[in-house]
């Protein structure tokens, strides 16, 4: 009789001991999650639902933070203002492993990869990238692989001087707005991430349908979700598990449908080798100059 | 011609029409003023809107211009002007552009036609100069180009005091035009409705006002037509205004006139009765005198039936008395006889009258002057077309007047007869140099049994007067006691249409 009671009390105590640090960790401080132009942020309610979903999984409220450029978001990571971020693959391969760590990679059309589309206005006469010589071209972000480096790489591969090929270029700081710039004919051509374009075609077909693809690049590792070094490993694991687990429950699956993604997964670093190759070529170019 | 016709329009038509015209004139003038004012206001509002948008873009454009952030500039233009390239035609902004100081396009709402980075080439040289001048201005400038269908706002962009760009915006004025049209249509509709209601109201009011006047007019007509009989019904006065007073006055006048006519009728009746009395008295007197003599004769004959001398002596007296009575009766019936016209009766000639009267004044020392200037000199029959059926009435008239002249000159004198045509009137004058007629007798001259000498019956001139009246003629007398009298008879010619009657 006595032993029974003692054992139950012990169990309760040990539960309390285990619970204490969890309770400490589950403070009200929100987990800040940086977003870039990688995702199309056209629905506020979606991000509220996603933040709510992730918050429940990691045990702390999640707050999305949007900045116009990749550089701004990278700075937020460096200064510790955000804990996680969905960044572009180029800043990821460029960044020091001391600064950030890969959490998960989105799976798009079955693979953790995407590419760059060179798009022109549906009604324009342009058929190839060559036709855009001397024209106005829209990039998304100077730190973007698919929105800046990859199209430049495509031009360079054809033997053109990248800086003189186009008459005028500008940054829209958003893949979605690149599509808009081309659709409105402000730019004759633009480089857009395949994921964003396909997502827009699904969600905003009126805009995407006013453009057409004239060139597709090779595949690159999909823009990853990273966390800054120095946050609690348990939080990182919780976020990774929350992201990876999205495809396993109904609510998460619905959010993935809204994101036009198949899910999140953990993939080897070699997934980003093609990005590293571009970065290398670019660095060689820079060093040559 | 038209004016005269307008003048003859009824007041009940003219007044409502005038009111309608006034109401319509005022309403349409106000409507037009409202439309013009509305148009001006809309235009000013559109210019203000253009200037506001221009200033809004200019105020935020300096930073992106300096950074060559073409996309930001385009988004700014697009956002501020709410321009949607997919449905460009539905937007009020149909042209928007940001230029750098060298007329290069930094952003354009129509990038297909004005690509960024290139010179804005479609403007003509004068416009180019205008934009260059505007680069130096401090404030937004608007320009109304309604003919081209837009309002233009040009706003310079300045950074640290120097011009770095120029915002050019054009707002479509076509929508404004459409709005103006719809506003004009609304105002016109309202005005028309107002005119319709106002006109109906005005027409009703004026009809109400004019109706008593119309009643008075028709009452006047009735009054003039209702000669001696019947009376004019009273007109009900609605208001106590001038028209009401007019109606009241008319009612009073018509009442008084009716009363006067009634009195006249009564007086005429009285006069007739009096004349009848006079005639009866005259007849009684004229008949009574011979009757008394005749009865005496008969009494005497009856008293002495065996005396064979008596009938021989008295029968002529009785016969004379009866002739006298017959003469009186015949004269009284002369009017009746004159009216019994028949084709078998042959008219006498003026010459017959002349002969007759000449024999009558033989031995009286009278000089007779005969002047017949009627175109057909001798016989009145010749004038029968013009004076048809009246010759037999005319001859006794002339005969009576001549006889009257002879009687007026017991001591002899001059008797003149003149006849002529004056236009459509036949004029006959008989003038004597006899004793004349005292003024107090002139009024009774043509009364029956009025006589100024013992021998006459007093019916001659009365018969003459009745005959002349029968011929719709007139008889005038001019006389001076002691110097003679002039009788003038005027007989109007019958109109051809009336000849048969």
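The values are calculated or read from the model by the stated rules, or taken from the named source; none is laboratory data. The model shown is predicted, which means the values in this text are computed figures rather than measured ones. All Cβ positions, glycine included, derive from the backbone under ideal geometry; neighbour counts span all protein chains shown.
For the reader, a short list of remarks on this structure follows.
- Scope the range B:421-439; condition part of a strand (DSSP E or B) and modelled with pLDDT under 85; matching residues: B:421, B:422, B:425, B:426
- Boolean, residue A:194 is modelled with pLDDT of 90 or more, more than 27 Å from residue A:77 (Cα to Cα) and more than 14 Å from chain B (Cβ to nearest Cβ): no
Yes/no per residue for (1) surrounded by fewer than 24 Cβ atoms within 10 Å (Cβ to Cβ); (2) more than 14 Å from chain B (Cβ to nearest Cβ):
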position: A:169; (1), (2): yes, no
position: A:175; (1), (2): no, no
position: A:181; (1), (2): no, no
position: A:188; (1), (2): no, no
position: A:200; (1), (2): no, yes
position: A:212; (1), (2): yes, yes
position: A:223; (1), (2): no, yes
position: A:236; (1), (2): yes, yes
position: A:242; (1), (2): yes, yes
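- Residues located in the range A:142-167, provided they are away from chain B (no Cβ under 14 Å) and in contact with a strand residue (DSSP E or B) (Cβ under 7 Å, 6 or more places away or on another chain): A:145, A:146, A:150, A:151, A:154
- Screening A:274, A:270 for residues that are surrounded by 14 or more Cβ atoms within 10 Å (Cβ to Cβ), more than 13 Å from residue A:104 (Cα to Cα) and without any contact (Cβ under 8 Å) to a residue 60 or more places away in the chain leaves exactly one candidate, A:274.
- When residues of the range B:348-387 are limited to those that are in contact with a strand residue (DSSP E or B) (Cβ under 7 Å, 6 or more places away or on another chain), part of a helix (DSSP H, G or I) and farther than 16 Å from residue B:427 by Cβ, the one modelled with the lowest pLDDT: B:354
- Check on residue A:218, part of a loop (DSSP other than H, G, I, E, B) and more than 14 Å from chain B (Cβ to nearest Cβ): yes
Results for (1) touching a residue at least 24 places away in the same chain (Cβ under 8 Å); (2) buried (at least 16 other Cβ atoms within 10 Å of the Cβ); (3) not assigned by TED's automatic domain parsing to the domain that holds residue B:161, shown as yes or no for each residue.
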position	(1), (2), (3)
B:16	yes, yes, no
B:25	no, no, no
B:30	yes, no, no
B:39	yes, yes, no
B:58	yes, yes, no
B:65	yes, yes, no
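- When B:164, B:121, B:154, B:141 are checked against the criterion of being modelled with pLDDT of 75 or more, farther than 19 Å from residue B:76 by Cα and away from chain A (no Cβ under 14 Å), a single residue qualifies: B:141.
- Selection count, the range A:118-132, where residues are within 14 Å of chain B (Cβ to nearest Cβ), under 25 Å from residue B:68 (Cα atoms) and touching a helix residue (DSSP H, G or I) at 6+ places or on another chain (Cβ under 7 Å): 2
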